[in-house]
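So the structure is just underneath, and the comments pick up after that.
The values are calculated or read from the model by the stated rules, or taken from the named source; none is laboratory data. It should be emphasised that the depicted structure is a prediction, and the values quoted were computed from it without experimental measurement. Virtual Cβ from ideal backbone geometry, glycine too; neighbours counted across all protein chains shown. These accessible areas exclude ligands, DNA and RNA; they are computed on the full protein's heavy atoms, side chains included. Shrake-Rupley method; radii C 1.70, N 1.55, O 1.52, S 1.80 Å.
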Amino acid sequence: MNRREINKALLATVANYALIDSLFAFNAFGNSIKPITDHWAIRLHEFCSDLKSASITTTQWQEQISKLYGNINLTEILKFIDFENLIKGFQYPELGVNTKPVKFPKLAGLPEKTVFVKKVFGMKKDRAIIPHGHSNMASAHLILNGEMHLRHYEKIRQEDENLIIKPTIDKIAKIGDNSSISDEKDNVHWFVAKTETAFSFDVIMLDLKNKPYDIHNLDIYEKQDLSDGTLRVPILKLENALNKYGKETHH
């Protein structure tokens, strides 16, 4: 090659690098690059790792997860967790909810063992994830299929065998809606399926602050109104709570 040909080849190479840089800058490679560099599951793991190490607060984690879910195409999540195969032969209990563990496919940048528990929760109409509060836990829930009557309460304090709580959310959660709980925000929740079947994808963080997690099942219908916007609610044993709230009979 003469000098002119060498310079021409060099300029072409520089131009190609400039084009590649601009494509990365504008995400023009789309899905061929995005699953590796910016996949939602990697960000989810990063958020949960930050919470586990106390680099962020639980309320910050809740905000980040909600924003993340709000920006993901639900079809992408369903495909990634292989939802259709996951629920084949799903056993719907007569009382309450059933779960199946979720296994993420291999993805560069995502460890095989995540710091969070991931499950699909499923139930048939009028069955419930019974009302309960938490200690040393955080979890986030994304509606994948169907509709659920969702209620949240703030846990104010515990008094002997009662929780003092305050209502915060009461709505019909539809496909794509998400919610979360922590010790600091919307600690108590209660889901009742309003469609023939309903499923959620749940991300669960246990034993936060190096303390063992706990769950308190609540007898919401036996609440005592304390006239300041809060309620005193008895804590129930799991079997009693499941028998009373596992299938909705109060309409």
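What to note about this one:
- Cβ-based net charge around D186, under 13 Å, with every Lys or Arg adding one and every Asp or Glu removing one: 0
- Here the label points at T99 and V117, each 7 Å from Cα along the C-beta direction, are separated by 0.4 nm in the simple model.
- Protein heavy-atom surface of the range 183-234, 1.4 angstrom probe: 46% of the accessible area is carbon and sulfur, with nucleic acids and ligands not counted.
- The GluC sites (Glu not before Pro) found in the range 218-251 that occupy coil by DSSP, while having at most 15 further C-beta atoms within 10 Å, are E248.
- 5 Å binning of all Cα-Cα separations within the range 182-241, expressed as whole percents from 0 upward: 4, 11, 17, 21, 22, 16, 8, 1
- The mean of 1/r over all pairs of different alpha-carbon atoms in the range 114-204, once inverted, gives a Kirkwood hydrodynamic radius of 13.4 Å.
- By a 1.4 Å probe calculation restricted to protein chains, T57 has an accessible surface near 70 Å², given to the nearest 10.
- Restraint check, K113/K185; K211/K244; K106/K185; K125/K244; K119/K174; K52/K244, Cα-Cα greater than 25 Å: K113/K185; K211/K244; K106/K185; K52/K244
- Cross-link partners for K247 among the aspartates and glutamates, with Cα-Cα distance under 17 Å and sequence neighbours closer than 8 places in the same chain left out: E94, D126, E147, E196, D219, E222, E239.
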